[in-house]
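Trainee: First the structure, which I've put down as structure tokens, then a few questions once you've had a look.
The values are calculated or read from the model by the stated rules, or taken from the named source; none is laboratory data. All of these numbers come straight from a predicted model, not from anything done at the bench. Note that we place each Cβ from the backbone using ideal geometry, even for glycine, and neighbour counts take in every protein chain shown.
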């Protein structure tokens, strides 16, 4: 056999192997290769116009799916174009060719549980033919099987309306590796059960967060009041809480920023903030500068960007970043300060081109403070809830990772389309 013939055979084998998944359910292990139909062969376009019907105008958000326009944009933006919107029914798919971080080439979702809605006529709508399972293709679109092929059709950035210049012909020309209907159903049922489990666990996480938020509303006094509505039994006769400025009960400093205005390009271990006896020399854009090292038990508060979010630090940390550092507490549990601060959300900012929260403003911020024993009791209670929330979040992340791994095994990758 010539080298040319051997090469052709190798290419053929490579193509075949690419269309068989690495993991198959036992009853389908001898079912042969998957087909590679184009979307235009397995679906029909949906082009029915809304006209005079009164339907909910919707949009599509990447990672979420269908949302009412009034919810996404704060108002119905359909305007005079409403009559030209497309009627989409449960089971229909809609492709929004707006790019996003999760779906750079646009996202595809099928309508479930809405009945009928009105979708913008710039979206591409279609319905699968008989023998093709919605649940299977839903998972294909979730892992961006369409986007990996559409990349080559994008010749420039988004248009003025924010949509990519992908034609209907290019979209319906996308190939989706597809097994027989029975295997589609099996894969869809498996992954849908994982989706349901993730949804259920996410609802538990949301319930825990809601419970914590409600508990904090009870455990901290309302604005203008000096005692909370709910107290642990041993503190019911402990008297009123006192308002104290943060500067009275702790030391508050700006942690610094990797910027010439904050760090002098010196080659010594001179401290930036003399309050602290330890600093670390680092080399960066401006040469050598000293960076303060803050002790565990400190609380950091974000000073730029998302302002005023407090974190209790359980370890030593370097003082680089747009943070305020609160430490050297006087008869204060830092965990309590962190929870109290985040609950009350008191963040006065300086009026500048970039909103920022300064150490001066933080020092003058008043917080309601009980005795140290009650602080610890509240902090222990809320910390235990935080532990449950963290564990639940990790459980959800593990389920999502498991599903992602399953999908990588259950779906073959079409030649020329890699993640």
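Trainee: Being out of contact with any strand residue (DSSP E or B) (no Cβ under 6 Å at 6 or more places or on another chain) and at pLDDT below 95 narrows it down to one of 162, 147, so name that one.
Mentor: Values: 162 fails: out of contact with any strand residue (DSSP E or B) (no Cβ under 6 Å at 6 or more places or on another chain).
147 is the lone residue from the list that is out of contact with any strand residue (DSSP E or B) (no Cβ under 6 Å at 6 or more places or on another chain) and at pLDDT below 95.
Trainee: Within the stretch 51-75, can you find the residues that are in a strand (DSSP E or B) and in contact (Cβ under 8 Å) with a residue 60 or more places away in the chain? First the steps, then the outcome.
Mentor: First, pick out the residues of the stretch 51-75 that are in a strand (DSSP E or B): 57-61, 65-68.
Answer for the stretch 51-75, where residues must be in a strand (DSSP E or B) and in contact (Cβ under 8 Å) with a residue 60 or more places away in the chain: 57, 58, 59, 60.
Trainee: Can you tell me which condition residue 299 does not meet? The list is (1) surrounded by fewer than 18 Cβ atoms within 10 Å (Cβ to Cβ); (2) at pLDDT 90 or above, and all the others hold.
Mentor: Against the list (1) surrounded by fewer than 18 Cβ atoms within 10 Å (Cβ to Cβ); (2) at pLDDT 90 or above, residue 299 comes up short only on (1).
Trainee: Oh, and also: Which residue, of 63, 91, 74, is surrounded by fewer than 17 Cβ atoms within 10 Å (Cβ to Cβ), on the phi > 0 side of the Ramachandran plot and modelled with pLDDT of 95 or more? Can you show your working first?
Mentor: Numbers: 63 fails: modelled with pLDDT of 95 or more; 74 fails: modelled with pLDDT of 95 or more.
Of the residues listed, the single one that is surrounded by fewer than 17 Cβ atoms within 10 Å (Cβ to Cβ), on the phi > 0 side of the Ramachandran plot and modelled with pLDDT of 95 or more is 91.
Trainee: In the stretch 210-246, what count of residues is obtained for those that are in a helix (DSSP H, G or I), touching a helix residue (DSSP H, G or I) at 6+ places or on another chain (Cβ under 6 Å) and closer than 30 Å to residue 358 by Cβ?
Mentor: Residues of the stretch 210-246 in a helix (DSSP H, G or I): 210-219, 233-235, 246.
After this cut, where a residue has to be touching a helix residue (DSSP H, G or I) at 6+ places or on another chain (Cβ under 6 Å) as well, the list is 212, 216, 219, 235, 246.
Narrowing further to those that are closer than 30 Å to residue 358 by Cβ: 212, 216, 219, 246.
Final tally of qualifying residues: 4.
Table: residues versus (1) in the same structural domain as residue 77 (by TED's automatic domain parsing); (2) loosely packed, with under 14 Cβ neighbours inside 10 Å; (3) farther than 30 Å from residue 389 by Cα; (4) touching a strand residue (DSSP E or B) at 6+ places or on another chain (Cβ under 6 Å).
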position: 96; (1), (2), (3), (4): yes, no, yes, yes
position: 130; (1), (2), (3), (4): yes, yes, yes, no
position: 152; (1), (2), (3), (4): yes, yes, yes, no
position: 184; (1), (2), (3), (4): no, no, yes, no
position: 191; (1), (2), (3), (4): no, no, no, no
